[in-house]
Amino acid sequence: MTGWYRVNKNNIPLWIAGAFFLYAGWIVFDMNRPGSTVGSVSPLSAVRAAKVPVLVEFYADWCPPCRAVSPTVDEFSRETKGKALVIRINIDEDPKLAREHGVGPIPAFIAYKSGRETGREVGDIPKERMRELLGL
């Protein structure tokens with residue numbers, strides 16, 4: 001019986017190699033497409049790997065309270081360098097990440113220790129409250 005569906009035993013290595021290269025090409029394409037998190041490192045992957053407490057701020061450039069607290073967050077980040085990590089995430093650039101973490105009103109601050117959430121605060125908070133969230 002002959003036909004297009006019949007596989008010659010001598011061509012099996014070629015079929016396997018073709019399938020491998022097709023799969024590898026798909027992976028490379030998926031990793032390089034815009035908006036893909038497969039090939040890029042998520043900002044919150046640092047939370048799991050951090051040996052120090054982490055404070056994550058979710059903000060937006062158009063948000064007046066976010067703009068008001070921004071200098072405080074920058075100053076806090078400089079003061080706690082080596083003792084804590086501060087990560088700022090713009091919700092307009094990564095809305096999916098904000099939804100995944102249940103962020104509603106902004107600015108929203110989430111504190112993590114050993115990769116686990118330990119506290120959450122919303123609004124223009126002072127540095128002292130940031131320290132309390134991180135246990136510093």
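Quick note: the coordinates plus some simple rules give every number you see, no bench work behind them. Because the structure is a prediction, the values reported are computed rather than measured. Neighbour counts run over all protein chains shown; Cβ positions are idealised from the backbone, glycine included.
Remark: the residue 45-residue 11 segment gains 7.9 nm on full extension, using 0.36 nm per residue and subtracting the alpha carbon distance. Partners of residue 81 within straight-line reach, counting lysines whose Cα lies under 18 Å from its Cα and excluding those fewer than 8 residues away in the same chain: 51, 113, 127. Across the range 110-125, coupling constants 3J(HN,Hα) worked out from phi with the 6.51/-1.76/1.60 Karplus curve, θ = phi - 60°, read 10, 9, 10, 9, 6, x, 10, 5, 10, x, 8, 8, 10, x, 7, 9 Hz, and Gly and Pro carry x. Between the beta carbons of residue 23 and residue 52, assuming R0 = 41 Å, the FRET efficiency works out to 0.55 to the nearest 0.05. Using θ = phi - 60° and the Karplus curve 6.51 cos²θ - 1.76 cosθ + 1.60, what whole-Hz ³J(HN,Hα) does each residue of the range 126-134 get, with Gly and Pro shown as x? Couplings: x, 4, 4, 5, 4, 4, 4, 4, 8 Hz. Scalar couplings 3J(HN,Hα) for the range 91-99, obtained by applying the Karplus form with A = 6.51, B = -1.76, C = 1.60 to θ = phi - 60°, are 5, 6, 8, 9, x, 5, 5, 5, 5 Hz; x denotes Gly and Pro. What residues from the range 58-93 fall in the zone where the backbone N is under 13 Å from a label point 7 Å along the Cα-to-C-beta line of residue 117? Counting backbone N atoms under 13 Å from the label point, the list is 58. According to the square roots a ≥ b ≥ c of the eigenvalues of the Cα gyration tensor, what is the shape class of the range 49-109, taking rounded for a/c under 1.5, prolate for a/b larger than b/c otherwise, and oblate for the remainder? Cα axes put the range 49-109 in the oblate bin. Here the label points at residue 129 and residue 100, each 7 Å from Cα along the C-beta direction, are separated by 2.7 nm in the simple model. When each of 97, 14, 136 is scored by the number of other beta-carbon atoms lying within 10 Å, the sequence from fewest to most is 14, 136, 97.
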